[in-house]
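The structure under discussion appears below in the form of structure tokens.
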Amino acid sequence: MSLTATDIFCGAGGSSTGLVAAGYELKLAANHSRIAIDTHSANHTDADHICADINNYDMRRLPTTDILWASPICTEISPA
Ligand SMILES: C[S@@+](CC[C@H](N)C(=O)[O-])C[C@H]1O[C@@H](n2cnc3c(N)ncnc32)[C@H](O)[C@@H]1O
């Protein structure tokens, strides 16, 4: 049985593809961009998807997984 993962700020799926390549089962991916979610859905057909603003999303509604991967926007929360 593989470990499970949730990917928030998933973008088009780079981090998710890495998680799957590492052996994780991707359960859910979330992003606020419809284009990103549509692209991610095409790349990760077995995962569930949420198109929502993570800042205002009730995290208690996320499924329980072994890993939570989050790649927030560096341009607004760091000097990048
Ligand atoms: C650093 S990129 C993530 C890259 C992604 N993990 C990958 O491997 O391609 C940050 C992503 O967060 C999304 N994002 C920014 N603010 C958000 C918010 N408030 N809620 C959900 N997604 C958000 C952007 O659309 C962008 O795709």
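The values are calculated or read from the model by the stated rules, or taken from the named source; none is laboratory data. A quick note: this is a predicted structure, and the numbers were derived from the prediction, not measured. Virtual Cβ from ideal backbone geometry, glycine too; neighbours counted across all protein chains shown. With ligands, DNA and RNA removed, areas are computed over all heavy atoms of the protein, side chains included. Shrake-Rupley method; radii C 1.70, N 1.55, O 1.52, S 1.80 Å.
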Of all residues in region 31-49, which are more than 9 Å from the ligand (Cβ to nearest atom) and surrounded by 15 or more Cβ atoms within 10 Å (Cβ to Cβ)? Ile37, Thr39, Ser41, Asn43, His44, Ala47, His49
Inside region 3-30, the number of residues satisfying the requirement of being crowded, with 17+ Cβ neighbours inside 10 Å, among the hydroxyl-bearing types (Ser, Thr, Tyr) and assigned to a helix (DSSP H, G or I) is 2
Apart from one, (1) within 12 Å of the ligand (Cβ to nearest atom); (2) among the small types (Gly, Ala, Ser); (3) in contact with a Leu (Cβ under 9 Å, 6 or more places away or on another chain) all hold for Ala12; the odd one out is (3)
Cβ-Cβ under 9 Å, sequence separation 6+ or interchain: first residue in region 57-74 and more than 19 Å from His32 (Cβ to Cβ), partner open to solvent by 70 Å² or more (accessible area, probe 1.4 Å) and part of a loop (DSSP other than H, G, I, E, B). Which pairs? Thr65/Leu3; Asp66/Leu3; Ile67/Leu3
